[in-house]
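First, the structure itself, so that you have it in front of you.
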């Protein structure tokens, strides 16, 4: 149980285009999902907290108009990188916190590698 | 502000030996949670073990145990009988006690198990 999927796993795009990444909790409901970014040889940095049915909460320094987050259901959150540039190339990984789980463990998706040319 | 520190960028251990990965944290909140995740080269984050700040006993999960020393604010991960498949990045993380309860991660330790 507690499986989180991400799609796509790899994406290569041209500079200036938009890319949408999906994060799904497959066997549980999650009112809260988190989006992280990880540059090579670095740790995970939280970008935003996605709440079902409400606006996402962005971390300091993360542009909300560039990284659009939609959490339309209890099992799906999407991150759209708008007008992507080479500096947006990174590993994007989401996590979901099950709705009913005492330990509040977050389960992570397999990640999406984005390369902007 | 909460902070997680992992001071070992890399560790090299012989197969079948035990290994301890260090993690110290800093928080003023009495209620918090500590996690360890493993990240192999594929990139996925694999949950290993959890310790709550009010837990009386150290957490254990199979070959993983957490050496929780609250007064020292340390939460070291101990892997017993290491295996080649344990080679990966290991991240310590702390959960905020309130609100969205987001995780703050340490810098990570790259563990290499030698045959």
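In the list A:78, A:49, A:57, which residue meets the criterion of being within 11 Å of chain B (Cβ to nearest Cβ) and under 11 Å from the mean Cα position of the chain (by Cα)?
A:49
Do you know which residues across region A:91-109 are surrounded by fewer than 20 Cβ atoms within 10 Å (Cβ to Cβ) and either within 10 Å of the chain's Cα centre (by Cα) or modelled with pLDDT of 95 or more (or both)?
Of everything in region A:91-109, just one residue is surrounded by fewer than 20 Cβ atoms within 10 Å (Cβ to Cβ) and either within 10 Å of the chain's Cα centre (by Cα) or modelled with pLDDT of 95 or more (or both), namely A:91.
Which of the residues that make up region A:83-108 are part of a loop (DSSP other than H, G, I, E, B) and under 30 Å from residue B:51 (Cα atoms)?
A:98, A:99, A:100, A:101, A:102, A:103, A:104, A:105, A:106
Further question: Within region B:27-49, count every residue that is over 30 Å from residue A:9 (Cβ atoms) and under 14 Å from the mean Cα position of the chain (by Cα).
0
When you scan region B:50-72, do you find a residue that is at the interface with chain A (Cβ under 9 Å from one of its Cβ atoms), under 11 Å from the mean Cα position of the chain (by Cα) and not in a loop (DSSP other than H, G, I, E, B), even just one?
Yes, that holds for at least one residue.
Are any of the residues in region A:17-29 under 16 Å from residue B:101 (Cα atoms) and either within 14 Å of another protein chain (Cβ to nearest Cβ) or exposed (fewer than 13 other Cβ atoms within 10 Å of the Cβ) (or both)?
Checked against the condition, which is being under 16 Å from residue B:101 (Cα atoms) and either within 14 Å of another protein chain (Cβ to nearest Cβ) or exposed (fewer than 13 other Cβ atoms within 10 Å of the Cβ) (or both), region A:17-29 yields no hits at all.
If we keep just the residues of region B:25-49 that are out of contact with any strand residue (DSSP E or B) (no Cβ under 7 Å at 6 or more places or on another chain) and more than 19 Å from residue B:86 (Cβ to Cβ), which is nearest to the other protein chains (Cβ to nearest Cβ)?
Once the filter is applied, the top-ranked residue is B:31.
What pairs come out if I take residues in region A:56-75 that are over 20 Å from residue A:88 (Cα atoms) and pair them with residues that are assigned to a strand (DSSP E or B) whose C-beta lies under 7 Å away, six or more apart or interchain?
Listed by first residue and then by second, the contacts come to A:71/A:33; A:71/A:50; A:71/A:51; A:71/A:77; A:75/A:24; A:75/A:25.
Could I ask something else about it? Could you tell me which of the residues B:6, B:14 is within 11 Å of another protein chain (Cβ to nearest Cβ) and touching a residue at least 40 places away in the same chain (Cβ under 8 Å)?
The conditions single out B:6.
Listed residues A:80, A:49, A:17; which is in contact with a strand residue (DSSP E or B) (Cβ under 9 Å, 6 or more places away or on another chain), more than 30 Å from residue B:109 (Cα to Cα) and part of a strand (DSSP E or B)?
A:80
Do we have any residue at all in region B:81-97 that's within 14 Å of chain A (Cβ to nearest Cβ), outside any strand (DSSP E or B) and within 24 Å of residue A:48 (Cβ to Cβ)?
yes
The values are calculated or read from the model by the stated rules, or taken from the named source; none is laboratory data. Computed from a predicted model, the values in this text were never measured in an experiment. Every residue, glycine among them, receives a Cβ derived from its backbone with ideal geometry; neighbour counts consider all protein chains shown.
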